[in-house]
Structures are given as structure tokens and as C-alpha cells.
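Quick note: the coordinates plus some simple rules give every number you see, no bench work behind them. Since the structure is predicted, the reported quantities are computational estimates derived from the model, not experimental observations. So basically every Cβ, Gly included, is an ideal-geometry build from the backbone, and we count neighbours across all protein chains shown.
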Amino acid sequence: LAANTASRVSGRTRLPLAFVFDIDGVLIRGPDVLPAAKRALSMLEGNNAFGMYLTNGGGVSEKERCQKLTEKLGFKIEPQQYVQAHTILKSLVHKYTDSPVLVLGSKLDQVRQVAADYGFKKAYTSLDVLAWNPSVWPFHHLTNLEAAATKKVDFAQTPISAVFVFHDPRNWALDVQVICDVIQSGGFIGGPYIPMDKQKNPPELVFCNPDLVWRSDFDRPRLGQGAFKMAFQAVFKALTGSEYPYVQFGKPSCATYNFASRVLSDRLQELGHSGPLPPVPYSTLNHRSADNPESDIAGANAANWQSVLVKTGVYSGGPPTHQPTHLADDVEEAVHWAIARER
Ligand code: G3P
Ligand code: MG
């Protein structure tokens, strides 16, 4: 919420109240829409408020996810108001446009399509690696569908420059094995292992979601991409004696909240708040409704956003590990509380 009304006026118009919603555990749980979600979103209209969506989910294009969320929630959700775990990679693609990169974390080759939309021209999957040489991981045989989604690549001649874990890997064992092969052989899968300190350009490793757990429709939170990262690092350390350096995006990383703030600022301009906004850090214009103290509340608090923790997701009671501005039963109560405070 804005610190004071002065900071909420830009020129003659009153800046809208911006809600930045988390998705899993706040609006939906797995395939199901939470009952309070539609009531919460209907409160935005008519209260000079608008919503943005900031999720550690992903695996498909922003356009496809927004279409599915619009159908589920019954409210139009545009890519311009939606940031998912790997959206931030659009700001990184220039470093790797023509370099072979490994992209992980989706069914078949969906994540390759997303990477190609971002501008990665040589994005390969761990299924491509298995199609190239099935003995890389002898415990998984490609299904016909998987084989049809692979590209023909000779990885002995195609050095991988970077590994991007876009979304939650489907075959942890295969993906851990392939990342270890790529990193230990300086990018050439199957090549001789080269000690880290002897590698001129060791492959960059980027994770897009640190969530150890997340809330789906099962009664207990499920392991997320953060758990995959820990599994990989434990194996890599057992093999080489140390963990591998990596870049971490996703909530609660500062990079992701800054990226979301820029998206929000663009949205405010689109809504007619043209020109420089009052020198209020966007953070105080935002309201963050979230379910996971470790990622959502920690990130919102660090970004100086007002945060509301709801009880419909990962958090299920007791003192939260990160203190929210407000604790609400569900997202409807969260929005109601924020709007009432603003009046
Ligand atoms: O894989 C998605 C999960 O880690 C959390 O999604 O929407 O709660 O940030 P969300
Ligand atoms: Mg969540």
C-alpha cells in the first residue's frame, strides 16, 4: 500500500492500488480454482485497483499460461501483467542467442519452444541428449512422443555454454546426470572431465525458482525446483568435492522483484499514468498476496512491498518464518483488508 496519499497521486489522477498476486496456493491449487479467488479479483474493479501476477511457476509460454488462467479464473489476464519463474531470462538471452544451451523443466520440448520465443536459437533438452546417445542414462527409454519431440544433435561436437532450469524437471535423475556431464566436461557431453579450475569458460548454471516446496492439490506441499537444485548440488559435491556456482532467479530473488517492479511500472504507464511517477519506490504501491513465507513474503518484505500471507497454500499455521504485513485466511480477505486500509 502507498505510504500516504501524497505518494499516490500522479499529476491529477490517483494512482491505482496495485496487487501482485502469487498463483499456486493463493488463486489455484493444482487444477482447482480456490473459492475465494474469483471474489477477490472481482473486488479490484470499481476500487481503483489492478492485479499483476508473479509466480515461480512456468514451463509454457506466458501467453499460453495467461490464456489458461483467464479461462480458469474468468478474468482477463494478459502477458503484460504476468511474470513467471523464467520470464526474466528474456533480459539474459542476448548473452546466448547463438550459443548452444541446455534448457530443462517441462514435458517433451515445451520449454524449448519458450526458449526459442525468448530468442535462444540453439536450445536443447535432456531428451535430445538421450536421443543422441541412450547410454547417457540407460534407465530411461524415450517414448514415441518424447522421441518425436527431440532434435538431432551431436553433443560431442556441440559445447553447451549454459544450463537453464526454466521450470521443475520431470526426470530428476536424467537431468542431474546430464548437468553433471555438461559441467564436468566443460560443455562437451561425453568428453574428458576437466577440473573446474582448468576450465576457461565453465558453463553457466541458472535456476529460475528456489522453492523447496509448493502447494498443489495434494494435502501436503510438493517438492519444487529448489529441491531439485539441492539434489543436483549434493550429487555434484559428492562427485567433485564442491558445489557448483549458480545464478538464482525467481521469488524471493531481488532480480525477480526488480524485474516485476519494471513490469508493474510499464502497466501503470499503460493505464494512463504517463510521465515519471512520484518518487515513491513502486514497492510501496504494491500489495503482495502470497502463500509461501520463504519466497513470497521474504521477497515482498525485502522489496518493501506490503505483504499478506494467506492460509490456503504452503503456510498452514504457527509463527511464519517471515513476518507479513497482514495474515489473512484467504485471498478475498487479503484484498478486502488492503482496500479497506486504502480508503
Ligand atoms: O512450480 C510452481 C511453484 O514452485 C510455486 O508457484 O505460483 O506459488 O509462485 P507460485
Ligand atoms: Mg504460491
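Which whole-Hz ³J(HN,Hα) couplings does the range 193-201 yield from phi under the Karplus relation 6.51 cos²θ - 1.76 cosθ + 1.60, θ = phi - 60°, glycine and proline marked x?
6, 10, x, 3, 6, 9, 8, 5, 10
On a straight-distance basis, which aspartates and glutamates could pair with Lys122 in a cross-link, Cα separation under 16 angstrom, same-chain partners fewer than 8 positions away excluded?
Straight-line reach from Lys122, under 16 Å: Asp98, Asp109, Asp154, Glu204.
Counting only C-alpha contacts under 8 Å and six or more residues apart, can you give the relative contact order of the range 111-233 as a whole percent? Mind showing how you got there, number by number?
Details: 156 pairs, mean separation 24.5, N = 123.
Answer for the range 111-233 is 20 percent.
Stretched out fully, how many nm does the piece from Ala302 to Thr70 gain, at 0.36 nm a residue minus the Cα gap?
That pair, Ala302 and Thr70, stretches by 80.5 nm at full extension.
When the C-alpha atoms of the range 70-195 are aligned to their principal axes, what extent does each axis show, in angstrom, from largest down?
Its Cα atoms span 52, 33, 22 Å along the three principal axes.
Quick one: give the max-minus-min coordinate of the C-alpha atoms of the chain along each principal axis, largest first, in Å.
So the extents along the principal axes, rounded to whole Å, are 65, 44, 38.
Order the peptides 145-153, 224-232 from the highest to the lowest mean number of other Cβ atoms within 10 Å of their residues.
Ranking the peptides 145-153, 224-232 by packing returns 224-232, 145-153.
Quick check: from the Cα gyration tensor, does the range 128-277 come out rounded (a/c under 1.5), prolate or oblate?
prolate
Percent antiparallel among DSSP beta bridges with both residues in the chain, to the nearest 5?
Taking every DSSP beta bridge within the chain, about 15 percent pair in antiparallel fashion.
Classify the range 45-124: rounded, prolate or oblate, from the alpha-carbon gyration tensor (a ≥ b ≥ c, eigenvalue square roots; a/c under 1.5 rounded; otherwise prolate if a/b is larger than b/c)?
Working: a/c = 3.23, a/b = 2.03, b/c = 1.59.
In terms of gyration-tensor shape, prolate.
Taking the beta-carbon count within 10 Å as an exposure proxy, list Asp117, Asp128 from fewest neighbours to most.
In order of increasing Cβ crowding within 10 Å: Asp117, Asp128.
Highest mean first, how do 108-116, 240-248, 33-41, 305-313 rank when packing is the count of other Cβ atoms within 10 Å averaged over residues?
305-313, 108-116, 33-41, 240-248
Just need the relative contact order of the range 148-219 here, percent rounded to a whole number, with Cα pairs under 8 Å and 6+ apart.
Relative contact order for the range 148-219 comes out at 37 percent.
So what is the relative contact order of the chain, in percent, for Cα pairs below 8 Å that sit 6 or more residues apart?
Value for the chain: 21 percent.
Among all the lysines, which ones have a C-alpha under 19 Å from Lys38's C-alpha, if same-chain residues fewer than 8 places away are not counted?
Lys68, Lys72, Lys76, Lys311
Using amide H atoms built in the peptide plane, which far-off residues or other-chain residues are under 5 Å from Gly25 H to H?
Sorted by chain and number, the residues that satisfy this are Gly30.
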